[in-house]
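Asker: One structure, pasted below without further comment.
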Amino acid sequence: MRVKIERIQQNLENLACFGKLEGGGVSRLAFTREDQEARVYLEKALESEGLTVKVDAFGNMRARRQGKENLAPVMIGSHLDSVPQGGRFDGTVGVVAALEVIRVLNELKVETRRPVELINFAVEESGRFGVGTLGSKAMCGHLSVEKLKSYRDNRGVSLYEALKNFGLNPEALDTVRINPGEIYAFIETHIEQGRVLEAENIPIGIVTAIAAPTRLKVLVKGRADHSGATPMSLREDALTAASEIILGVEKIAASEAGPHTVGTVGYVRVSPGAMNVIPGLVEMGIDLRDIEKDSKDLAVTKVLALLKRVSQKRHVGIEYEILANEPPVALSPKMVGSLEKAARSLGYSYKLMPSGAGHDAMYMAELTQVGMIFIPSKEGISHNPAEYSSWEEIARGAELLLETVINLANETNQ
Ligand SMILES: [Zn+2]
């Protein structure tokens with residue numbers, strides 16, 4: 001291997017100090033002091049490699065290693081921010097792998113035709129403002145100054161204010177936008193956040209598509225009556241109706257939509273919530289995901305029909321609101337091919353797989369050809385201090401990134 005495991009480990013351990021939690025893990029929310037410390041660390045590391053860091057108006061950090069020709073760069077990286085009570089690996093692994101690639105290219109004096117650019121996306125996690133992958137959305141032109149003012153953290157600070165407090169210029173949001181063609185290719189290295197690779201004992205995942213969610217908030221309205229005085233035949237129990245919906249969502253996702261459909265009811269709020277009162281109102285959230293749009297649309301249609309059926313059968317009112325309905329993203333077959341070729345040349349076994357979680361790569365796919373490398377996550381744990389991937393596995397992912405970057409950065413056209 002050309003990448004150095006000790007250096008990767010050292011960087012990950014050093015970065016884990018910023019926002020370090022007592023029992024391991026980190027809390028490094030976007031645009032906080034901890035985030036700033038991690039950014040300064042990265043900037044110093046890049047400067048010591050002779051690169052200059054540029055920060056755009058939204059806080060995305062970019063640093064370019066020049067190529068021999070004035071061509072669009074190959075971009076690599078991920079994010080340094082974390083969820084509250086998060087792990088040391090989510091996002092950071094992709095930034096550290098990219099940094100290692102730059103170091104090895106310098107060490108071995110590799111000259112590439114295209115520049116290679118590292119990126120640390122700002123506000124990837126939704127942990128602070130309730131919405132995520134904002135740095136890449138800004139690059140695609142999907143944000144507006146009004147939206148920046150509307151997103152708030154739990155202390156009421158708007159994203160607009162947070163950007164200003166961080167020394168950035170939210171009014172210059174338009175300057176963050178980049179045009180398709182300005183970047184030749186983007187590759188993100190990330191932990192899998194699931195247990196597929198570990199279960200199958202495969203060291204590398206090559207992502208073919210990123211699943212996207214449709215989210216529904218559902219209100220089931222029954223009647224809150226006395227639990228002793230109301231016979232079973234006269235009840236309008238919102239919770240028993242909600243239970244049918246929960247089991248129905250599971251059945252639809254498991255066997256009635258597509259092979260990759262997943263469906264979850266992640267929360268249920270019951271009121272009045274007393275042991276001796278029949279539940280009169282239930283609020284719940286349904287999250288449906290798929291990598292194929294048709295299958296997801298089918299699942300949504302079936303869930304809506306289920307709501308209607310349960311409402312009629314149980315004499316309860318059911319209202320719903322669609323909170324999000326994002327289309328799944330297929331990653332570039334050419335990038336998948338480039339990653340497969342590099343993996344084969346390194347002798348690494350790999351698995352082609354979808355990503356169930358969202359990433360900046362999703363939005364970058366609007367701008368350029370995108371590839372993603374997955375590294376196994378121990379027991380699939382993520383967004384948790386127990387998150388873990390071994391140094392060896394991370395180094396293997398970085399080596400694959402290096403090999404792929406060298407190939408891509410020497411291509412002249414698509
Ligand atoms: Zn992440």
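Residues are listed down the side, and each one gets a yes or a no for (1) loosely packed, with under 15 Cβ neighbours inside 10 Å; (2) touching an Asp or Glu at 6+ places or on another chain (Cβ under 6 Å); (3) at pLDDT 95 or above; (4) closer than 20 Å to LEU197 by Cα:
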position	(1), (2), (3), (4)
LYS313	yes, no, yes, no
ILE322	yes, no, no, no
ASN325	yes, no, no, no
LEU331	no, no, yes, yes
GLY337	yes, no, yes, yes
MET364	no, no, yes, no
LEU367	no, no, yes, no
ILE394	no, no, yes, yes
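Asker: Tally the residues that are closer than 15 Å to GLU117 by Cβ, at pLDDT 95 or above, polar (S, T, N, Q) and away from the ligand (no atom under 16 Å from the Cβ), restricting the search to segment 35-82.
Answerer: Looking only at that region, the number is 2.
Asker: Also, quick follow-up: Name the residues in segment 242-271 that are over 15 Å from ARG309 (Cβ atoms) and in a helix (DSSP H, G or I), would you?
Answerer: Selection gives GLU250, ALA253, ALA254, SER255.
Asker: Could you please find all residues in segment 84-131 being polar (S, T, N, Q) and within 16 Å of the ligand (Cβ to nearest atom)?
Answerer: GLN85, THR92, ASN120, SER126
Asker: Could you check segment 64-111 and list, in sequence order, the residues that are in contact with a Pro (Cβ under 7 Å, 6 or more places away or on another chain) and at positive phi?
Answerer: GLN85 - this is the single residue of segment 64-111 that is in contact with a Pro (Cβ under 7 Å, 6 or more places away or on another chain) and at positive phi.
Asker: Just need a number here: residues in segment 188-206 that are within 16 Å of the ligand (Cβ to nearest atom) and either outside the structural domain of ILE394 (by TED's automatic domain parsing) or assigned to a loop (DSSP other than H, G, I, E, B) (or both).
Answerer: Result for segment 188-206: 3.
Asker: Something else about it: Out of segment 248-277, which residues are among the charged types (D, E, K, R), closer than 12 Å to LYS302 by Cα and either free of Cβ contacts under 8 Å to residues at least 24 places away in the same chain or touching a strand residue (DSSP E or B) at 6+ places or on another chain (Cβ under 7 Å) (or both)?
Answerer: Hits for segment 248-277 are GLU250, LYS251.
Asker: Picking from LYS68, LYS44, LYS54, which residue would you name as being in the same structural domain as GLY135 (by TED's automatic domain parsing) and under 23 Å from THR175 (Cβ atoms)?
Answerer: LYS54
Asker: Separate question: Looking at segment 35-78, which of its residues are farther than 22 Å from GLN369 by Cα and under 20 Å from the mean Cα position of the chain (by Cα)?
Answerer: Selection gives ASP35, ALA38, ARG39, PHE58, GLY59.
One line per residue, one yes/no per condition, for (1) more than 26 Å from LYS20 (Cβ to Cβ); (2) in contact with a helix residue (DSSP H, G or I) (Cβ under 6 Å, 6 or more places away or on another chain):
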position: ALA361; (1), (2): yes, no
position: ALA365; (1), (2): yes, no
position: SER377; (1), (2): no, no
position: SER382; (1), (2): no, no
position: TRP391; (1), (2): no, yes
position: ALA395; (1), (2): no, yes
position: LEU402; (1), (2): yes, yes
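Asker: Report yes if SER144 is under 15 Å from THR133 (Cα atoms) and surrounded by fewer than 17 Cβ atoms within 10 Å (Cβ to Cβ), otherwise no.
Answerer: Spelling it out, SER144 is indeed under 15 Å from THR133 (Cα atoms) and surrounded by fewer than 17 Cβ atoms within 10 Å (Cβ to Cβ).
Asker: If you take just the strands (runs of 3 or more DSSP E) that sit entirely in segment 1-98, which of them hold at least 1 residues that are of a type outside the set (Gly, Ala, Ser) and surrounded by fewer than 21 Cβ atoms within 10 Å (Cβ to Cβ)?
Answerer: In segment 1-98, the matching strands (runs of 3 or more DSSP E) lie at 53-55, 61-65.
Asker: Another question, if that's okay. What do you reckon, is ALA211 under 21 Å from VAL83 (Cα atoms) and modelled with pLDDT under 95?
Answerer: yes
Asker: Please determine whether any residue of segment 64-71 is under 26 Å from PRO385 (Cα atoms) and among the small types (Gly, Ala, Ser).
Answerer: no
The values are calculated or read from the model by the stated rules, or taken from the named source; none is laboratory data. Keep in mind it's a predicted model, so treat the numbers as computed, not measured. Methodologically, a virtual Cβ is constructed for each residue, glycine included, from the backbone with ideal geometry; neighbour enumeration extends over all protein chains shown.
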